[in-house]
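Student: The structure under discussion is supplied below as C-alpha cells; questions concerning it will follow.
A short reminder: the numbers here are calculations on the coordinates, not readings from a lab. Note that the structure is predicted; figures quoted are calculated from it, not measured. Don't worry about glycine lacking a Cβ; one is built from the backbone with ideal geometry, like all the others, and counts go over all protein chains shown.
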Amino acid sequence: MYLASSLPVGLPARGVSERTILIAPLHTSLADYPILLEPDLKRESDVAGYESLAVKAAEAPYRAPTQQPDFCFLESLLAARASALEDHLWALREDPEYFASYLVDAGEHQIVHLKDPEANDHPLLSQKLRWWTCVVSSLVGEAYLTAEIVSEGGRLADKVAKLQRKYATEIVPSSDLPEDYLQALLQFRYFLDRVPDLLQGSLWHACHPSPPLRRFWMREPSRGGSESVHVWMNMKNVNNEGKVQHQVVWSLTFLSKDNQVLDIISTRVLTDELERLLQSEPRARAMLTPYVAAIVGDLSLLAQCANQFDQYQPWSRTWDDVAKKREDALAAEYSKRFKAYSRYADSLSDDSLTDAGAICDPSGGKFYYPFEKRRTKETVDALRSAERKLDAVWAAIDRSLCTKSGNLRGTAAGKLLSLQNILRRTPEWEGAGSENTRSIPSAKRGLHNTYHPMSAIYTKLRGNAFVLSQLNEQARNAPQPFGTVGKSEESSAAPLFAVDARALKVFRTLFSNPVVTTTPAEVTWNDFFHAMTSVGFAALKMHCSTWHFTPTKPRISADRSIQFTEFTGKLSATAIRVFGRRLNRASGWDGGMFGLDEK
C-alpha cells in the first residue's frame with residue numbers, strides 16, 4: 001500500500017526537479033555558444049600533396065564501407081606496374097650500364113653468399129662461369145616472372161572492370177551477380193590467391209642473402225656446389241639486435257613463405273605493418289635493399305587487390321562456397337594461362353644460359369657506357385663497344401628462349417619481343433666535317449642513332465623482317481627522346497608546358513643532349529616529384545617507395561599512369577637517362593616541350 005500510494009506523488013516531483021534544476025541551467029549557459037557546423041575532413045592530397053595506400057589502409061576501419069570495389073583503379077595500378085616492368089626489361093636490353101648495375105645487384109642477392117656454420121664461402125663463388133650463369137639466369141628469370149604475373153593480373157582486372165561498367169545498373173544487393181561477371185571475379189580472385197606463392201619464392205631467395213640481412217642467416221655446408229641450399233636463422237644474431245631489426249626480420253620471414261601466420265593475419269595486414277615500420281623507423285628502411293623492396297611492393301600490390309574482394313558486400317560472404325564448386329574450371333584456366341610461362345621458364349635456367357654466362361661478366365669496365373660525355377671518336381667507340389657486348393649477351397639469352405620454349409604468344413615475353421619498339425644504338429663516328437654531318441645542326445648532331453629490333457632472333461623466327469632503313473627514317477621524323485636545350489627546331493615552337501625554374505631544370509636534365517651538355521644537373525627526388533605534379537600528374541604513394549603518377553590534364557598526352565621508385569640522394573646519370581626514356585615512351589615528351597613560366 002505504501003509503494004502504490006507513493007509512486008504517483010514521487011515521479012512528478014522527480015520530473016519537476018530534473019527539468020528545473022538540470023536542464024534549465026544548461027539552456028541558459030549554452031545560449032552563449034553558437035552551434036557550429038560539422039567540419040569537413042580534408043583529403044590527404046589537400047594536406048600532403050599526395051595520397052598514400054598506407055594511410056588509406058589505416059583509415060579504412062573508420063570509414064563507411066563501400067559496396068563495390070573500384071576495379072578500374074586496380075587495373076590502373078597493375079597496368080602501370082606492368083609497364084614499369086616492361087620498361088625495365090627494355091632498359092636491360094638497351095643500356096649497357098643499366099644492365100651491368102642490375103647484374104651486380106642480382107649477384108649480391110644470391111643465396112650462396114650466406115656463410116656456413118664454420119664461416120666458409122660457398123664453392124660456387126670461386127667458379128666464375130657457373131657463378132655468372134647463375135646470376136644472369138636469376139636476373140632475367142625474375143624479371144620475366146614478375147612481368148608475367150603483373151601483366152596477367154592487369155588483364156584480369158581490366159576484364160572485371162569492363163564487366164562492372166557493363167552491368168553497373170543491374171548490380172543490386174538483393175540479386176545475384178551476372179554469370180559472366182561472377183566468373184570473371186572468381187577467376188581474378190583465384191589468380192590472386194595462387195600467384196603470391198611465386199613471388200614468395202623470389203623473396204625467400206633474395207631477402208636472406210641481401211647485404212643488410214646476411215648476418216641473420218646461415219646455410220648448410222656445401223658438399224659439391226650443385227645441391228639445393230638449405231638455410232636456417234641465426235637466432236644468436238637476431239636476438240642481439242634491437243626491436244626494430246627483430247620486427248623486420250620476422251616480417252620478411254613470414255612474407256617469404258606460406259605459413260600459418262599468413263593464414264591468420266593475411267599478407268595485406270603484414271605488408272601494411274611492414275610499410276608502417278619502414279615509414280617510422282630509419283633503421284628499418286636501411287635493412288631493405290631496393291631489390292628486396294621491389295618484391296615486397298609487388299606482394300603488397302597483389303594483397304591490396306585481393307582485399308577489394310572482401311569489401312564486395314554482400315556477395316563476398318559466398319566467395320569460398322561458390323569458388324569451391326568451380327574449383328576444377330578455375331584451376332584449369334589458371335594452368336592454361338601460365339602453361340606458356342612454365343614452358344619458357346626452363347629455357348632461362350642455369351643449364352640453358354651457359355653461353356650468356358660466359359660473356360656477361362661486367363668486371364674490368366666491360367660495359368662502360370659514357371653516354372653523358374661529349375661525342376668524340378673515343379666516346380663513340382666506347383659506346384658502340386658496350387652496345388655490341390650487351391647485344392651479344394641478349395642474343396644468347398634469346399637464342400635459348402626462342403628455340404627451347406616454342407610459341408611465346410599470349411605471354412608478356414612474347415608481347416615485349418614482338419613490339420614495334422626498337423633499340424637505340426650509336427652510329428659509327430663521323431667527323432664534324434664529313435658530308436653526312438654538315439647538314440645536321442650542331443645541337444642535334446649525335447642524336448640520329450641507328451635502330452635495331454627488340455630481339456633480332458625472335459623477329460627472324462617470327463618471320464617479321466624489319467626494314468631498318470625505313471625504321472631509321474621513321475625514327476628521325478619522330479620526337480627525339482632527348483630534346484635539345486639549345487636552339488633547335490623543337491625549341492623554336494611554343495613550349496607545351498610552362499613550368500617554374502625548379503621543374504624546368506629537372507626536365508632539361510632528364511631530356512638532356514650530351515652533344516650540348518656534358519654534365520647533367522643533379523636531380524633529387526623532391527625536385528622530380530615537384531616537376532611531375534607541376535605538369536598535372538596526381539601522385540599516390542604505394543608501398544616500399546613506389547609512386548604511382550596518374551595524368552589529370554589532357555595536355556599531358558599520356559593515356560596511362562606511370563610508376564617510379566623513390567630514390568635517395570641524387571639521381572645517377574644512368575637513372576637520369578632511363579627516367580627520361582621512360583617518360584618519352586609513355587608521353588612522347590622531349591626537352592623542347594618545356595619552357596619557363598614568366599608569370
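Student: Let's test the formula: R0 of 35 Å, r as the Cβ-Cβ distance of Asp500 and Glu378. What FRET efficiency results, to the nearest 0.05?
Tutor: With R0 = 35 Å, the Cβ-Cβ based efficiency is 0.35.
Student: Still on this structure: For the residue pair Arg409 and Lys336, what label-to-label distance in nm results when each label sits 7 Å from Cα along the Cα-to-beta-carbon direction?
Tutor: Each label point lies 7 Å from its Cα, and together they span 1.5 nm.
Student: Let me ask something additional. Only loop residues by DSSP count here, and only those with at most 16 other Cβ atoms within 10 Å; note down the GluC sites (Glu not before Pro) in the stretch 51-130 that meet that.
Tutor: Glu118
Student: Shifting gears a bit: Applying the Karplus parametrisation 6.51 cos²θ - 1.76 cosθ + 1.60 with θ = phi - 60° to the phi angles of the stretch 112-125, what ³J(HN,Hα) value in whole Hz is obtained for each residue in order, glycine and proline being reported as x?
Tutor: 6, 6, 5, 7, 8, x, 8, 6, 8, 7, 6, x, 5, 5
Student: Here is a further query. For a quick check of your reading of the filter: which trypsin sites (Lys or Arg not before Pro) in the stretch 50-147 sit in a DSSP loop and have no more than 10 other Cβ atoms within 10 Å?
Tutor: Sites meeting the loop and neighbour criteria: Arg63.
Student: What's the FRET efficiency of Gln68 with Arg326 using the Cβ-Cβ distance as r and R₀ = 25 Å, to the nearest 0.05?
Tutor: 0.70
Student: Rounded, prolate or oblate for the stretch 182-303? Axes are the square roots of the Cα gyration tensor eigenvalues, ordered a ≥ b ≥ c, and the cut-off for rounded is a/c under 1.5.
Tutor: Cα axes put the stretch 182-303 in the oblate bin.
Student: Same structure again: If contacts are Cα pairs under 8 angstrom and at least 6 residues apart, what is the relative contact order of the stretch 70-341 in percent?
Tutor: About 23 percent, as a whole number.
Student: Counting other Cβ atoms within 10 Å of each Cβ, which trypsin sites (Lys or Arg not before Pro) in the stretch 312-412 have at most 14 and sit in a DSSP loop?
Tutor: Arg374, Arg409
Student: Quick check: convex hull over the Cα atoms of the stretch 70-341, volume per residue in Å³, rounded to an integer?
Tutor: 155
Student: Further question: Please list the non-local residues whose amide H lies under 5 Å from the amide H of Ala538, H modeled 1.01 Å from N, same-chain partners needing a gap of 5 or more.
Tutor: Result for Ala538 returns Thr550, Thr552.
Student: What is the sum of charges, Lys and Arg at +1 and Asp and Glu at -1, for the other residues whose Cβ falls under 14 Å from the Cβ of Pro290?
Tutor: That works out to -4.
Student: Calculate the spin-label point distance for Gln311 paired with Leu596, positioning each point 7 Å from the Cα along the beta-carbon direction, and give it in nanometres.
Tutor: In this crude spin-label approximation the distance works out to 4.5 nm.
Student: Cα gyration tensor of the stretch 64-135, axes a ≥ b ≥ c as square roots of the eigenvalues: rounded (a/c below 1.5), prolate (a/b > b/c) or oblate?
Tutor: The shape class here is oblate.
Student: Which of the lysines could a cross-linker bridge to Lys366, judged by Cα under 17 Å and excluding same-chain residues fewer than eight apart?
Tutor: Partners found: Lys128, Lys389.
Student: Let me ask something additional. Would you please give the residues with an amide H less than 5 Å from that of Thr546, counting only those at least 5 places away or on a separate chain, with H modeled from the backbone geometry?
Tutor: Under 5 Å from the amide H of Thr546: Glu566.
Student: Could I ask something else about it? Report the FRET efficiency, 1/(1 + (r/R0)^6), for Leu125 and Lys257, where r is their Cβ-Cβ distance and R0 is 30 Å, rounded to 0.05.
Tutor: With R0 = 30 Å, the Cβ-Cβ based efficiency is 0.75.
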